[in-house]
1. Being part of a helix (DSSP H, G or I) and either at negative phi or buried (at least 19 other Cβ atoms within 10 Å of the Cβ) (or both) is the requirement here; does Ala214 meet it?
2. Would you pick out the residues in segment 203-237 that are among the small types (Gly, Ala, Ser) and in contact (Cβ under 8 Å) with a residue 60 or more places away in the chain?
3. Just give me the residues in segment 43-66 being in a helix (DSSP H, G or I) and open to solvent by less than 60 Å² (accessible area, probe 1.4 Å), in sequence order.
4. Within segment 141-196, restricting attention to residues that are of a type in the set (Phe, Trp, Tyr), in a helix (DSSP H, G or I) and farther than 18 Å from Ser122 by Cα, which residue is least open to solvent (accessible area, probe 1.4 Å)?
5. In segment 67-93, what residues are part of a helix (DSSP H, G or I) and open to solvent by less than 40 Å² (accessible area, probe 1.4 Å)?
6. Name the residue that is modelled with the lowest pLDDT, counting only residues in segment 104-126 that are open to solvent by less than 30 Å² (accessible area, probe 1.4 Å) and within 22 Å of Ala232 (Cβ to Cβ).
Amino acid sequence: MAQKKTTTGRTKRKPRGQQTQNRALFGWLFKWAARIGLGFVAAMLALVVLYSFINPPTTITMWSEARRLGGVDQQWAPIEEIAPVVARSVVAAEDANFCEHWGFDMRAIRQAIDEGSGRGASTLSQQVVKNVFLWQGRSWLRKAMEAALTPVVEAVWTKRRILEVYLNVAEFDEGVFGVNAAAFRYFRTTPDQLTPRQAALLAAVLPDPKGRSASKPSSFVSRRARSIEDGAQTIRVDGRAMCFEHD
């Protein structure tokens, strides 16, 4: 008797029509993913241009904190209504080479790598991009988007505008955003009336706004503020404040 051939162990091929349908589906998904990606990029570029002259109405962090706390305190203050020593203090504390880089401080990055730490390498420009356009966190996606957007912001905005936006969206206390709200919360004054000591204390709380206080500073915050005062004076004298004081 002739033996029947079996197909045991053989992989069945998909019908040619089904393969064509799958390719069409993948092509359609890829096309729409590309469209969505390009749309997102276009939206980000449009916001960068728009925010170069229109103040951001809110940020993801402010929105999130408002939901958590039931509201936040933030009132925009033009940089002309902020004491110059505040800007110098924040630059001295967060990014002393702000006027000398294009968004990334390569010297600080190399130093952080040599020390085995990422602390201290993020510039004010990077922080503005994160605060205004992105979200908090340490994901690689957020870092990649930050790296892509930072040179764009540096190219479109002036240094003075970058600093102005930073001073108005940075968190200085729980639910307190911007130097206007911070000046009143801590010292019951307006940002144009802040003293060098008060400005330095505000700058000293920036890395940990929920854990530090400018009105009741710990010994560490007080020492840090004294160092920032000296740094603010130094960058004024050596010209590293010219890009935002003489725009």
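The values are calculated or read from the model by the stated rules, or taken from the named source; none is laboratory data. What you see is a predicted model; the values in this text were computed from it and never measured. A quick note on method: Cβ atoms are made from the backbone with ideal geometry, for glycine too, and the neighbour counts reach across all protein chains shown. Ligands, DNA and RNA are excluded from the accessible area calculation, which covers all protein heavy atoms including side chains. Shrake-Rupley method; radii C 1.70, N 1.55, O 1.52, S 1.80 Å.
1. Here the answer is no, as Ala214 does not meet what is asked.
2. Passing the criteria: Ala203, Ala204, Gly231, Ala232.
3. Once the filter is applied, which keeps residues that are in a helix (DSSP H, G or I) and open to solvent by less than 60 Å² (accessible area, probe 1.4 Å), segment 43-66 yields Ala43, Met44, Ala46, Leu47, Val48, Thr61, Met62, Ser64, Glu65, Ala66.
4. Tyr186
5. Ile79, Val85, Val86, Ala87, Arg88, Ser89, Val90, Val91, Ala92, Ala93 - these are the residues of segment 67-93 that are part of a helix (DSSP H, G or I) and open to solvent by less than 40 Å² (accessible area, probe 1.4 Å).
6. Result: Ala121.
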